[in-house]
Structure formats: structure tokens, C-alpha cells
Amino acid sequence: MKRITGMLLVGLALAGVMWADNALFINGAGATFPYPIYSKWFDEYHKKNANLQINYQSIGSGGGIKQLTEGTVDFGASDAIMNEDQLKAFQDKHGFGILHFPTVLGAVVPTYNIPDVSAELNFTQDALAGIFLGKITKWNDPAIADANKGVNLPANDIVVVHRAEASGTSYIWTDYLSKISEEWKSKVGKGAAVNWPVGLGGKGSEGVAGLIKQTPNSFGYVELIYAIQNKMPYGRVKNSSGAFIKADLASVTAAASGAAKNMPDDFRVSITDAPGTTAYPVSSFTWLLVPAKFSDATKRDAIKGFVKWMLADGQNYAEGLSYAKLPKEVVAKETKAIDKIQ
């Protein structure tokens with residue numbers, strides 16, 4: 001009996017080794033913005049493909065682009081499109097390019113901690129740019145108070161909070177500020193990492209959220225999903241049509257509707273400050289960054305399979321996690337682009 005049991009254990013151990021040998025591990029890293037849905041997707045896809053394990057590190061868009069360029073991960077993820085210098089750096093190092101695949105839509109929202117103020121605040125373009133430029137320093141400044149009649153805003157100093165590291169969330173926020181403020185555009189500009197005129201830096205979304213929660217009279221920006229999950233108050237933003245809009249699935253979808261019809265072939269498009277009376281103005285796609293060529297055909301086919309699933313069944317998980325689904329026009333165009341992965 002002992003001999004039979006021993007043989008069984010050896011057999012099970014060998015089977016485990018064989019499974020490990022057949023298992024395929026794919027590693028990715030990047031944006032924190034889509035992490036909740038990526039985590040859900042990778043888990044659900046693993047249930048359908050037991051021998052495939054996709055591991056993802058939520059380290060920020062800048063970190064994802066860096067690791068992808070260095071070749072330490074199989075794919076990256078970013079809320080910011082790669083710029084020409086970044087694309088060239090990857091091309092020069094590897095001899096082929098990077099493909100951008102939009103995955104879902106989300107938003108970045110202004111969030112705050114003002115003692116004794118529970119109202120949902122309105123923010124104009126001038127107010128947001130002025131706060132981050134360090135020109136509007138008091139909560140009761142007319143630029144804020146005039147858009148919030150009836151709210152007793154204090155005469156306290158505003159404590160500005162921003163991301164400390166290269167971040168796709170910062171890219172979306174500064175891209176928006178660059179579109180609505182010539183002063184911001186000329187003095188600071190857009191980017192995953194910029195020279196912030198004022199404020200405290202928090203590492204990751206959790207760092208920004210922590211600083212805001214711990215600091216009275218603070219003001220910053222986080223992803224919509226993060227604000228909802230952490231029960232953080234967030235305000236409405238005045239859009240290009242003059243309406244104060246709160247970020248939600250409908251207003252984010254409205255922001256993407258125009259871009260969907262004229263999506264460029266490389267999918268690198270900004271939808272901040274989008275036209276439309278119901279569009280939330282700080283909305284964005286977020287992207288998977290996939291190498292155009294793989295030396296390992298098994299990994300290539302696995303990633304292509306996942307992207308196809310993500311564009312079909314995967315989209316059904318989006319709204320449950322407070323992301324907006326991709327427009328049908330974008331899905332159709334992306335599905336054709338999958339064959340560009342060689």
C-alpha cells in the first residue's frame with residue numbers, strides 16, 4: 001500500500017512538472033487607472049485558459065512604458081499615448097514598433113477635502129487652471145465661489161496635490177489643462193511627468209488619495225473609479241458647451257462619441273475637452289501597448305487571443321466597474337488591427 005501511495009505521489013508530482021512546463025506566463029506592467037478591470041479580465045481569461053497566466057504590475061503608465069522599452073515585460077499599459085520620442089526609442093532598441101489598443105474609457109475627476117463642506121462643487125476651466133498654476137490660492141476665491149452660489153466656502157489656503165511619478169492620470173489632467181489654458185500650455189504643458197508650479201506629490205493613486213484624505217483644504221485629481229471605490233467627493237467640470245458635467249458612464253461615453261467616428265489607424269487620440277453638451281471634459285481612452293512582433297509565437301498567439309476576447313466578452317465587465325465600454329466603431333477597427341501583431 002505504501003509503495004502504491006508513493007508511486008501515486010510521484011505520478012502527481014510529475015504531472016505537476018508537466019503542467020508547469022506547459023503553462024504560459026505573460027507579464028505586463030503600467031497604468032493604475034485601468035487596474036481594477038485588468039485584474040478582473042486576467043482572472044476571467046485564466047478561468048477559460050487554465051494554462052495561461054497573465055501577471056500585471058500596476059506601477060503607473062511611465063513605469064509600464066519604461067519596462068516595455070527595456071524588454072522586461074511582454075506588454076505595457078498606459079493612459080497616455082506614447083510620444084514620438086518614446087516610440088523611436090523602442091523602435092531603435094528592438095527593430096519594430098509598438099501598437100496601441102484602446103481597452104476601455106474612463107475619467108479623471110477633481111477631488112477635495114474641505115472641512116464642513118459636503119456640497120458637490122462646480123469647477124470652471126479658469127478655476128482648475130488657476131489652482132494648479134498657483135494663482136488661485138483660497139477656497140473662497142471668486143473663480144470658485146461664483147460657480148458655487150450658496151456654498152459657504154472658507155477663506156483657507158488650498159493645498160494642491162498631484163502625482164509624484166510619471167503617470168497616465170497626470171497626462172490626462174495636464175492634457176486637459178493645456179487645451180483650456182494657454183498659460184498652462186506655455187508654462188507647463190502636458191505630460192506624464194511635468195514641473196508642477198505648486199503642490200504636494202503623492203505616489204500612485206493611493207498616495208494622492210491618502211494625502212487628500214489626511215490634509216484639510218486639499219485639492220487634487222484621481223481616476224473616477226478610484227474616487228468611487230474610496231468614497232471620495234468629486235466635483236463637476238464645466239465643458240466646452242458651458243455645462244457643468246459630473247463624470248459618469250454616460251458623460252464619458254458622450255466624450256468619446258465624436259472621436260469614435262474618426263479614430264486614427266494607430267488609435268492614438270485625445271478626447272479631453274471633447275465637444276457635446278453632455279460630454280465630461282476630462283475623459284480618456286486607456287491603452288494596452290503591444291509589441292508589433294514577438295519572437296515567441298506562443299506568446300504572440302496568446303496575446304492576440306486575449307485582445308480578441310477583451311474586445312468582445314471582456315467589454316461586458318466594464319460598466320460594473322465604472323468604466324465605459326468602447327464604442328462599436330472602435331471595437332470593429334481594433335479587431336481588424338489585431339492581425340498587425342506578428
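How about region 153-171: which of its residues are of a type in the set (Asp, Glu) and open to solvent by 60 Å² or more (accessible area, probe 1.4 Å)? Within region 153-171, Asp157 is the sole residue that qualifies. Close Cβ contacts (under 7 Å, 6 or more residues apart or on different chains) running from residues in region 225-244 that are touching a residue at least 24 places away in the same chain (Cβ under 8 Å) to residues that are among the acidic types (Asp, Glu) and open to solvent by less than 60 Å² (accessible area, probe 1.4 Å) comprise Ser240/Asp273.
Yes/no per residue for (1) aromatic (Phe, Trp, Tyr); (2) within 21 Å of the chain's Cα centre (by Cα); (3) open to solvent by 10 Å² or more (accessible area, probe 1.4 Å):
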{"position": "Val151", "(1), (2), (3)": "no, no, yes"}
{"position": "Trp173", "(1), (2), (3)": "yes, yes, no"}
{"position": "Lys179", "(1), (2), (3)": "no, yes, yes"}
{"position": "Val194", "(1), (2), (3)": "no, yes, yes"}
{"position": "Val198", "(1), (2), (3)": "no, no, yes"}
{"position": "Leu224", "(1), (2), (3)": "no, yes, no"}
{"position": "Tyr234", "(1), (2), (3)": "yes, yes, yes"}
{"position": "Lys238", "(1), (2), (3)": "no, no, yes"}
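Take the conditions (1) of a type in the set (Val, Ile, Thr); (2) open to solvent by less than 40 Å² (accessible area, probe 1.4 Å); (3) out of contact with any Leu (no Cβ under 9 Å at 6 or more places or on another chain); Val108 misses just one of them, which is (3).
Is it fair to say Ala302 is open to solvent by 10 Å² or more (accessible area, probe 1.4 Å), at pLDDT below 95, in a helix (DSSP H, G or I) and hydrophobic (A, V, I, L, M, F, W, C)? For Ala302, the condition - open to solvent by 10 Å² or more (accessible area, probe 1.4 Å), at pLDDT below 95, in a helix (DSSP H, G or I) and hydrophobic (A, V, I, L, M, F, W, C) - is not met. Among the strands (runs of 3 or more DSSP E) confined to region 217-293, the ones with at least 3 residues that are touching a Pro at 6+ places or on another chain (Cβ under 6 Å) are located at 283-291. Among the criteria (1) modelled with pLDDT of 95 or more; (2) over 19 Å from the mean Cα position of the chain (by Cα); (3) over 30 Å from Asn217 (Cβ atoms); (4) not small (Gly, Ala, Ser), the one Ile54 does not fulfil is (2).
Restricting region 9-51 to residues that are among the acidic types (Asp, Glu) and exposed (fewer than 13 other Cβ atoms within 10 Å of the Cβ), the residue that is modelled with the highest pLDDT is Asp43. Screening Trp184 against (1) free of Cβ contacts under 8 Å to residues at least 60 places away in the same chain; (2) open to solvent by less than 30 Å² (accessible area, probe 1.4 Å); (3) in a loop (DSSP other than H, G, I, E, B) leaves a single unmet condition, (3).
The values are calculated or read from the model by the stated rules, or taken from the named source; none is laboratory data. This structure is a prediction, so every number in the text was calculated from the model and none was measured. Please note: Cβ atoms are built from the backbone with ideal geometry, for glycine as well, and neighbour counts cover all protein chains shown. Calculation scope for accessible area: heavy atoms of the full protein, side chains included, ligands and nucleic acids excluded. Shrake-Rupley method; radii C 1.70, N 1.55, O 1.52, S 1.80 Å.
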